[in-house]
Every structure is written in C-alpha cells, then in structure tokens.
Amino acid sequence: MRRTDRLFDIIQILRDGKLHRAQDIADRLEVSVRTIYRDMDTLVASGVPVEGERGVGYMVREQITLPPLNLTSAELEALNLGMAIVAEAADPELKAAAESLANKIDAVLPTQTVAEADAWKFAVYPFADAARGFSHMAPLRAAIKSRQKLHLAYRRIDGALTERTIRPLHMEYWGRVWTLTAWCELRQAFRVFRVDLIEDVTPLPELFTDEPGKCLSDYQP
C-alpha cells in the first residue's frame, strides 16, 4: 500500500471520533506500530486535528473542515486546485509565493482559527495526487444539488477499474484530498470514493429521492 493511501485509510478510521490504539490501527493496515506513529506525526503536521499520544491512542475530536472563509464553492475549488498544483511544483519561487499566500490567508482569519488554518500550509508528506479529479468536481457538485444519479468509472487503490451507479450525497475535504460519500446501487450500501481516483463521471437521466436507510443522515462512518 502506498503511504498516500495508508494516510487516507487512517483518516477514515479516526473519523468516527473514538479512541483508537496504534496497535489496532497497525494490525488493521498490516504495518508496524512504528509506521503508524510516523503517520500520525505526518497527519498532525498536515493540519489534521489528531489528538493522542503513543501508548494511549489517537482520535479526531473536531470535525475536519476548511477554515471559515467567505468563499463561494467555485472559489474554494479554484483555491484548492491551485494550492495542490503549486505544492508539487519544482520552482522554488512558486513554492515561496504559495507559502506567502497561505500566510495571507492566516492573517485574515479570526485568532481562534489560526491553528486550524495551518492545514493550508504544506504537509510534511503532501498527497501527491491532489490535483487529479478536479475536472469532476463540477458535475459531482451539480449532481448532489439536483439529486441526480451518476455512473462512475473508479480506479481502486489496487489499480483495478470498477464501474458503479451511485447516489451522490456529500463531498468533504481531507488534507488536500476530496472524498465523495454516496449510496452505491451495486453494493446496496454507503461508500466513500476518493475524487482523485475517479476516472469518469456520467450523469444519468434518473433522479433520486430520500429513502429510509439511503440518506446522508443514515450514514455511519
């Protein structure tokens, strides 16, 4: 498993808000406890609000969200895309400019949100594929608003391509990676898809309505 994928899986484990021992996470992901310790340090440095310590356990107490900036959805997507691209740039001048931009964002935020704003700074181990999938953000967002079913071509982390018909419900931002929570018609269950692993999105003519057990309010991470 690539480290990028493991960091994402750790976030998914922690998102339930419960305390998780490093040993349990290591067993689940089939890595060493030392590896989990290093990954936790990386997530904390990336701005993910992980709390805990070695020998006790880790948890996420706060909802992982963007700082409360007055941005439109389109502005938010543009900012994320730009930061993701520049974070991978080899040009030191561009990296310096991006760091300056992050500092300016920090400066206009209320004092109590400055710590959360550190998430805009560059992670110790940034998600390298952050810019992938941004071309799908517009149709995904539109389908969520219009409650329209979608056909996805999705590249799993093992490299296999799968196709799904879904009911898109919600998108979230996790340390430079966007995820899509949806009801999967194939599995008849909730699934969380990484937007950067979506190969193709096709809107379907069928709309959906709330049904018991298939709504976002029914989803339990």
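Any read-out appearing in this document is the output of simple, stated calculations on the displayed coordinates, not a laboratory observation. Note that the coordinates shown come from a computational prediction; the quantities given were computed from them, not determined experimentally. Cβ placement follows ideal geometry from the backbone for every residue including glycine, while neighbour counts extend to all protein chains displayed.
One table, with the values for the structure above:
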| item | result |
| --- | --- |
| FRET efficiency estimate (nearest 0.05) - Cβ-Cβ, Asp24 to Ala45, R0 25 angstrom | 0.65 |
| The stretch 1-55 shape via C-alpha gyration tensor axes, a/c threshold 1.5 | rounded |
| Inter-probe distance in nm under a simple model that places probes 7 Å from Cα toward Cβ, at Arg147 and Ala160 | 3.4 nm |
| Segment Glu206-Gln188, extension gain: residue separation times 0.36 nm, minus the distance between their alpha carbons | 4.8 nm |
| For Tyr58, residues with placed amide H under 5 Å, excluding near neighbours | His20, Arg21, Ala22 |
| Derived scalar couplings ³J(HN,Hα) [the stretch 205-221; Karplus, 6.51 cos²θ - 1.76 cosθ + 1.60; whole Hz; x for Gly, Pro] | x, 8, 9, 10, 10, 4, 10, x, x, 10, 8, 4, 5, 8, 6, 10, x |
| For the stretch 146-221 and the stretch 1-59, distance of Cα centres in Å | 24 Å |
| Per-residue ³J(HN,Hα) for the stretch 13-19, Karplus 6.51 cos²θ - 1.76 cosθ + 1.60, θ = phi - 60°, Hz, x for Gly and Pro | 5, 6, 5, 7, x, 8, 7 |
